[in-house]
Amino acid sequence: MSVTIKDVAKEVGVAPSTVSRTLKDHPSISNETKERVRKAMDKLGYVPNVSAQNLANKYVNTIGVILPVTKSQERKNNPFYLEMITAMNEEASHQKVTIAIASGESEEELLANVELMYRQKRVDGFILMYSREEDLVLEYLVSNKVPFTVIGQPYKYHNQANCVDNDNQLLGYTATQHLIEKGHKKIVFVTNNQSENFFKDRYFGYKKCLDEYQLQGYQEMPLITPEHYAEFDEFLKEHQPSACIAIDDMFALRLIQMVQYLGYRVPDDISVISFNNSIFTTLLHPYITSIDVNIQELGKTAVQEFLNQLKEDNALKKRVIIPHQLIENETVINVLSSSN
């Protein structure tokens with residue numbers, strides 16, 4: 001049989017309300033009484049009912065962080081998520097709150113976990129680490145007025161969403177422009193992710209830049225299945241692009257391996273540029289030229305913006321843009337200088 005507040009109160013000879021105030025470290029209770037109550041708790045083995053305390057308080061000081069559903073092992077192991085969670089956890093600790101992770105093998109399972117966490121008041125709200133055009137979780141958060149912040153840009157519910165993001169259209173434009181300035185004219189966008197909004201925005205930026213420079217663009221080239229590998233091989237033979245834009249650094253490593261397997265040299269035959277500037281850029285030579293999206297600042301700002309929205313009544317929804325930086329390494333060759 002579990003020990004209750006009444007049992008502790010009886011042991012000390014005080015009212016149950018005194019024990020309850022001691023648990024909250026209330027200043028109205030003397031230090032001497034608090035010490036006696038705490039010793040009685042230890043003696044009797046009393047364990048506070050955290051769920052009951054949460055229900056009694058306005059905030060539980062815990063932020064739920066929602067990971068995207070992905071069946072790809074490569075996506076699951078992407079260091080982007082680990083770096084982001086680490087940054088959020090550091091800022092949460094600074095703000096004296098904690099982080100709880102919500103994940104699922106399917107969208108339905110993820111939604112069920114999110115609903116349960118919020119219904120049981122285990123979290124004050126959520127930070128979504130992804131953004132898709134159609135998303136059951138986002139629909140639930142908006143329709144139930146659950147506090148949330150999105151890392152990314154949802155196309156739906158834009159006015160109802162608090163967002164922290166890079167300008168992904170500008171990222172795609174910047175990567176493409178860098179290649180063009182190095183003399184590349186045939187540039188293809190290669191990806192293993194076609195569902196999330198950051199891919200769509202980066203691809204849009206790629207197309208926009210090519211249009212402005214009056215260069216031919218190509219349909220995005222997925223590289224996921226063995227059939228895609230064969231199609232990619234045929235594409236390289238037919239169109240002979242001199243450069244590829246990879247959706248992120250981890251995928252860029254696989255792209256470089258694929259290109260080299262097909263008999264091309266990087267960057268001599270095909271240049272590669274990527275996004276995130278993660279640890280993968282300098283794991284192997286050639287080091288990957290990548291655009292730093294400032295993951296640390298994304299995570300930190302997401303926590304700050306969530307807490308601002310949570311604590312301020314009628315706070316305006318904002319879209320905070322985190323700046324990026326091009327990091328030049330070894331995978332982009334200057335075609336203009338090499339042809340002279």
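Across the range 208-222, computed HN-Hα scalar couplings (Karplus, 6.51 cos²θ - 1.76 cosθ + 1.60, θ = phi - 60°) run 4, 5, 4, 4, 5, 8, 6, 10, 6, x, 10, 4, 4, 9, x Hz from first to last residue, x flagging Gly and Pro. Past 21 Å, Cα to Cα: identify those pairs from Lys58/Lys156; Lys208/Lys237; Lys96/Lys311; Lys58/Lys300, in the order given. Beyond 21 Å: Lys58/Lys156; Lys208/Lys237; Lys58/Lys300. Of the two radii for the range 283-323, the radius of gyration is 1.25 times the Kirkwood radius, both from the alpha carbons; that is the Rg over Rh value.
Per-residue ellipticity at 222 nm computed for the chain from its helices equals -14000 deg cm²/dmol, with DSSP H segments shorter than 4 residues left out and the rest contributing -39,500 (n - 2.57). In this simple spin-label approximation, Gln95 and Phe204 carry label points 7 Å from Cα along the Cα→Cβ vector, and these lie 2.7 nm apart. Site pair Leu44 and Lys185 shows an inter-label distance of 8.5 nm when each label is modelled 7 Å from Cα along Cα→Cβ.
Across the chain the C-alpha pair distances fall into 20 Å bins from zero in the proportions 27, 44, 20, 8, 0 percent.
Straight-distance candidates among the lysines for linking to Lys6, with alpha-carbon spacing under 18 Å and chain neighbours fewer than 8 residues away dropped: Lys24, Lys34, Lys39, Lys43.
Rg over Rh for the range 91-179 works out to 1.04, both radii taken from alpha-carbon positions and Rh defined as the Kirkwood radius.
If you wrap the Cα atoms of the range 167-218 in a convex hull and average its projected area over all directions, you get 3.3 nm². When peptides 136-149, 313-326 are ranked by their average number of other Cβ atoms within 10 Å per residue, the highest-first order is 136-149, 313-326.
Let me make sure I get this right: for the range 211-310, a, b and c are the square roots of the gyration tensor eigenvalues over alpha carbons, sorted descending. Under 1.5 in a/c it's rounded, otherwise prolate if a/b > b/c, else oblate. Which is it?
Details: a/c = 2.29, a/b = 1.89, b/c = 1.21.
Since a/c reaches 1.5 and a/b is larger than b/c, the shape of the range 211-310 is classed as prolate.
Quick note: the coordinates plus some simple rules give every number you see, no bench work behind them. In this text, all values refer to a predicted model and were calculated from it rather than measured experimentally. Cβ atoms come from the backbone with ideal geometry, glycine included; neighbour counts cover every protein chain shown.
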